[in-house]
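What follows is one structure encoded as structure tokens, with my remarks underneath.
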Amino acid sequence: MSHADVLATIPHRPPFLFVDDIVELRDNGATCVRTFKAEENFYAGHYPGNPITPGVLLCEAVFQTGAIYLVKKMQAAGQSGEGKTPVLCRIEDAKFKAMVLPGDTITIEVTMGETMQAFHSMKGVIKKDGKLALAINFTLALIDKK
């Protein structure tokens, strides 16, 4: 799937969009990719001279991939997903295992866990060069737009 599919699925837009493409949609999750470019503005202030991708932005890439999965799952069930906003409800057990640097391409994987009413628990990982860079558990809800 293309970048246009990402834009058609979630409301996030640059400069706060951290998913480039959808690689795979599965019954229990999704895989996306993102390449971090050296000219992105956050690198100017996050360790000037030795830029590192902020961990919070890596987490956001996982959350956005989770939102893509939830909306695509709704669409597959015959619901449009329009009028819904993905909202982060919980973050647990974030573990950062490797730095992501300008020019790196990451693979973002989310796996669906338990759903309780409108709350969807998920597990997410980011891999860089096939090695774990981030593992995190989180909960998203899709709420009606106001």
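Report yes if residue 78 is farther than 18 Å from residue 126 by Cβ, small (Gly, Ala, Ser) and surrounded by fewer than 18 Cβ atoms within 10 Å (Cβ to Cβ), otherwise no. So residue 78 passes the test.
Go through region 110-146 and give me each residue that's loosely packed, with under 12 Cβ neighbours inside 10 Å and over 17 Å from residue 74 (Cα atoms).
Correct list: 129, 130, 131, 146.
Of everything listed in (1) loosely packed, with under 14 Cβ neighbours inside 10 Å; (2) under 20 Å from residue 136 (Cα atoms); (3) small (Gly, Ala, Ser), the single unmet condition for residue 98 is (1).
Of all residues in region 48-66, one or more are surrounded by fewer than 20 Cβ atoms within 10 Å (Cβ to Cβ), closer than 21 Å to residue 88 by Cβ and touching a residue at least 40 places away in the same chain (Cβ under 8 Å).
Where a number appears in this text, it was derived from the coordinates with a stated rule and is not lab data. Note that the structure is predicted; figures quoted are calculated from it, not measured. With ideal geometry, Cβ positions are generated from the backbone for all residues, glycine too; neighbour counts draw on all protein chains shown.
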